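Inspection log for the structure reproduced underneath, given as structure tokens.
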Amino acid sequence: MEVIQTKKELREFRNGVRGSLGFVPTMGALHEGHAALIRQSAGENERTVVSIFVNPMQFGPREDLAKYPRPFERDLDICRETGANVVYAPDHADIYPAGFGSAVEVSGVGDHWCGASRPGHFVGVATVVLKLLNRVQPDRLYLGQKDAQQAALLDKMVLDLDLETEVVVCPTIRGAGGLALSSRNQYLSPGEKAAAPALYRALMECGRQIKMGQTSPQKIAEIFQGLLPGYDGWRLDYFGVADPVTMSPVPVIDRKVRLLAAAFLGTTRLIDNISAGPGLEPG
Ligand code: AMP
């Protein structure tokens, strides 16, 4: 496995690739969720590139950029073990050289949920991912369903901007109690870790109510809110019932939807989402 730090070296690698190339963009602090994406890419492509870059442009001024975990050597071990051929770990100046001044805005998909509660976040995500796609030029881009709105937004960006890459969205990998794996779970205290699966349980209970015939997003939101504050330390950021493609709120649940939630547990912000629909098994 090669570790590459510059755009120039990456271009040299790209020019030598003959078969299909898979790409897994990450911010490092890799866990089983990332590992699953890398394994899938390695299984479906001749070569796989993993990028590790904690992108300042997608963090708000009061967010956790400075304390975001950066266990680089361990990340390299995981990439090696899961079948990556190249880790692209650029520094800030390689991605944002002096004078950089462009931004990518994808309309619609980012209007609600994380887009509303983290202003500028999706512009930062879309900008860095477009730059990375232009550099890596992958045949396939692997994204996690854990960040469903991000995946929907990047899918739209790829479509809108005629990028020659197939977007592959992989299932959310969960740990004990159903908690979605996240690099940010490291911030949780042992007590918070024990409480954290409540977010997933509340989503699943809402999914079961929808399966059994509840069609009102308002009622479902009430049920969700009734379930979550029962646990100490929770502060709800948002809960929403959205169309799985456009990510707009739905007026009535008469087809497959995504239930999306974000909540602070202490100072840690957790997000999760599941699929649900009338007569459908949630998950
Ligand atoms: P991040 O490093 O958090 O920016 O995530 C990099 C990629 O890994 C994104 O496409 C995420 O959606 C995906 N990812 C993160 N956590 C999980 C998980 N628990 N299951 C599946 N994919 C994940």
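The values are calculated or read from the model by the stated rules, or taken from the named source; none is laboratory data. This one's a predicted model, so the numbers in the text were calculated from it and none came from an experiment. The protein model used for the area step is the full one, side chains on, heavy atoms only, and it has no ligands, DNA or RNA in it. Shrake-Rupley method; radii C 1.70, N 1.55, O 1.52, S 1.80 Å.
Pairs of Lys residues in the chain that lie 8 or more places apart, or on two chains, and have C-alpha atoms under 20 angstrom apart add up to 11. Here the relative contact order of the range 81-159, from alpha carbon pairs under 8 Å that lie six or more residues apart, stands at 33 percent. Computed over protein heavy atoms with a 1.4 Å probe, the accessible surface of the range 200-269 works out to 50 Å² per residue. The value obtained for the range 34-161, namely the Cα convex hull volume divided by the number of residues, is 119 Å³ per residue.
When the alpha carbon gyration tensor of the range 1-79 is reduced to an equivalent ellipsoid, the three semi-axes, largest first, read 25, 16, 11 Å. Based on C-alpha pairs under 8 angstrom that are at least 6 apart in sequence, the range 127-283 has a relative contact order of 22 percent.
Accessible area per residue for the range 58-181 is 47 Å², calculated with a 1.4 Å probe on protein heavy atoms, without ligands, DNA or RNA. Surface composition of the chain: carbon plus sulfur atoms contribute 51% of the solvent-accessible area (1.4 Å probe, protein chains only, all chains present). Rolling a 1.4 Å probe across all protein chains gives Leu133 an accessible area of roughly 10 Å².
Scaled to the globular estimate 2.2 N^0.38 Å, the Cα spread of the chain, given as radius of gyration, is 1.01. Beta bridges from DSSP with both residues in the chain: antiparallel share about 50 percent, rounded to the nearest 5. Normalised by the number of residues in the chain, the mean separation of alpha-carbon contacts (under 8 Å, six or more apart) gives a relative contact order of 18 percent. Assign one of three labels to the range 132-225, namely rounded, prolate or oblate, based on the Cα gyration tensor with a ≥ b ≥ c the square roots of its eigenvalues; rounded applies when a/c is under 1.5, prolate when it is not and a/b is larger than b/c, and oblate otherwise. It comes out oblate by the Cα gyration axes.
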